[in-house]
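Working notes, beginning with the structure itself.
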Amino acid sequence: GLPARLQYGAGLRRSELVRVRIKDVDLERGTLTVRKGKGDKDRMTVLPKSLLEAVAGQVEMARKVWERDRAAGLTGVHIRGALGRQMQRAAESFEWFWLFPARQTSVDPECNVRRRHHLHAQVYSDAIKRAAAEVGIEKWVTSHALRHSFATHLLEAGVDLRRIQELLGHQDITTTEIYLHVAMGVSGLGVTSPLDGFEAAVRQ
């Protein structure tokens with residue numbers, strides 16, 4: 001449940017969600033840093049206030065898993081590319097550990113060592129589909145719908161399209177403009193007429 005709420009609340013891609021590391025979460029500032037997103041770029045997005053307590057609890061749960069792994073002498077987590085070669089000790093530090101670690105360890109095919117990976121993307125997607133079926137949603141539900149909903153609901157709330165582009169990590173504004181066609185109560189220009197607000201106030 002928490003990964004799904006975080007994906008919706010922060011507008012993350014599935015791959016970005018499962019790869020969140022402890023160091024990327026800033027509970028004090030209420031931000032989440034996405035590392036090496038699409039286009040190999042970093043960005044910052046919002047960490048929902050309503051999830052701060054739950055995320056803090058998840059950090060402590062992850063800490064217990066990390067402590068067990070260290071006590072068992074497991075190899076540290078995977079760090080990609082040259083950074084991983086330069087910072088071999090960092091892989092064993094808690095700040096580089098996964099926010100959502102996998103339940104089981106597995107053998108890393110790149111180096112044939114056993115270590116703990118992050119929550120598997122397909123395991124997460126399957127859980128989303130099961131949850132949708134259990135509550136009777138008779139539509140094709142994927143985890144990406146949560147990211148789409150994040151953008152759509154921000155647009156409906158009047159958030160600037162450029163700001164939404166930044167939060168989503170879209171390189172081209174035309175990709176973000178797609179949400180203009182699905183947002184309810186928002187014109188094709190992305191604005192609400194001042195007359196609509198005036199008439200609503202008169203009716204009250």
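Quick check on region 62-81. Is at least one of its residues surrounded by fewer than 16 Cβ atoms within 10 Å (Cβ to Cβ), touching a Lys or Arg at 6+ places or on another chain (Cβ under 6 Å) and of a type in the set (A, V, I, L, M)?
no
Every residue in region 136-168 that is among the β-branched types (Val, Ile, Thr), modelled with pLDDT of 85 or more and closer than 20 Å to Ala121 by Cα, please.
Passing the criteria: only Thr142.
In region 50-61, is there at least one residue being of a type outside the set (A, V, I, L, M, F, W, C) and under 22 Å from Arg80 (Cβ atoms)?
no
Quick check on my filter: what residues within region 44-61 are surrounded by fewer than 18 Cβ atoms within 10 Å (Cβ to Cβ) and not in a helix (DSSP H, G or I)?
Residues satisfying the conditions are Met44, Val46, Pro48.
The values are calculated or read from the model by the stated rules, or taken from the named source; none is laboratory data. All figures in this text were calculated on a predicted structure; none of them were measured in a lab. Because the Cβ atoms are built from the backbone with ideal geometry, glycine has one as well, and the counts that use them run over all protein chains shown.
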